Structures are given as C-alpha cells and as structure tokens.
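Beneath this line is the structure, given in structure tokens, with notes to follow.
What follows draws every value from the coordinates through simple rules; no lab data is involved. Just so it is clear, the structure is predicted and the values come from calculations on it, not from any experiment. Cβ sites come from the backbone with ideal geometry, for glycine too, and all protein chains shown count toward neighbours.
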C-alpha cells in the first residue's frame, strides 16, 4: 500500500501541465538496450545523469553516468546552472555549437523524488532559456532541444537489484553495489 501511495503522489506531482514538455519514465530494459547498442554514443545520443550525492555515485553508478547532485540541479540560478552543465559535459560540442544529448535520463536512489524533481527542473530551465533566446538569439534555440527527457524506473536501487548479479559490467564505481 505504501508503494501505491508513493506512485499516486508521484503521478500527481509530475503530471502537471505547467511545463510545455514533460518527462517520461524509462524502463531499465530500454536503457540497457542503449548501453548495449554500439551505434549509440554516450553523451551524444544519450546521457545518464545520476543526481545522488557524490559519495553514493563514487561508490557505484550506472555505466557511463555522470554525477550532478540534485542540490545543483535544483538551484535557482539558470545561467550558472547551464554553466555547470557545460562543465559537467551535459552539453557537448558539435560544429562549435553546444547541443544537449538526444536523450537525457535522470535517476536518484529510487527515482521517486530527486530524479523526477531534477528532470522537471531541467525542463523548466530549458523552457525559460528558450524563451530568453527567442528574444535575443533565435537561431540558438534549437541547441536546447533534446529528443526526450526520462526518469529511470526504479532508480539506482532497482538497477542494481536487476543487474548487479547478471550484468555487473553495467555498474561502475569503487564499491559496485
């Protein structure tokens, strides 16, 4: 019953139409297929953003994931936020322009609060930045348009439970949970 309550709360929080875009839930199997597909390049075709604290990330994380803690993701300053995205390689250069990867996947430990909040915050910041650029530099708006923004179903805990024993190469870090 507790899990059902969490799911209902999650749906109520993130089904808002306050964003022009929204994120979707990504099944673990879909992410595995991206990781296994040699034609897809991490940080270009997709980017996995682990929003847990750095100590948790260092201990164990999903293969190719980068760490941007939720405290950074949920900050209020959009210009410094995008600067930190550049520094963390969330934006990548193509023909001397910065573009967001085609698919962004956010997760925290359970993907119930920090992961969804971070995905929703990114959508909000992208919308704000698009509006700003439409006024000042309309040609640069396209670089802010990823194909899809996802939250990983089950978070790192679900991922670890599903793959630690059968596909340990999908988990990196010093402690590999």
> If we count other beta carbons within 10 Å of each Cβ, what is the order of 62, 171, fewest first?
Replying inline: 171, 62
>> Applying a 10 Å radius around every beta-carbon, put 49-58, 151-160 in order of their mean neighbour count, most first.
In response: 151-160, 49-58
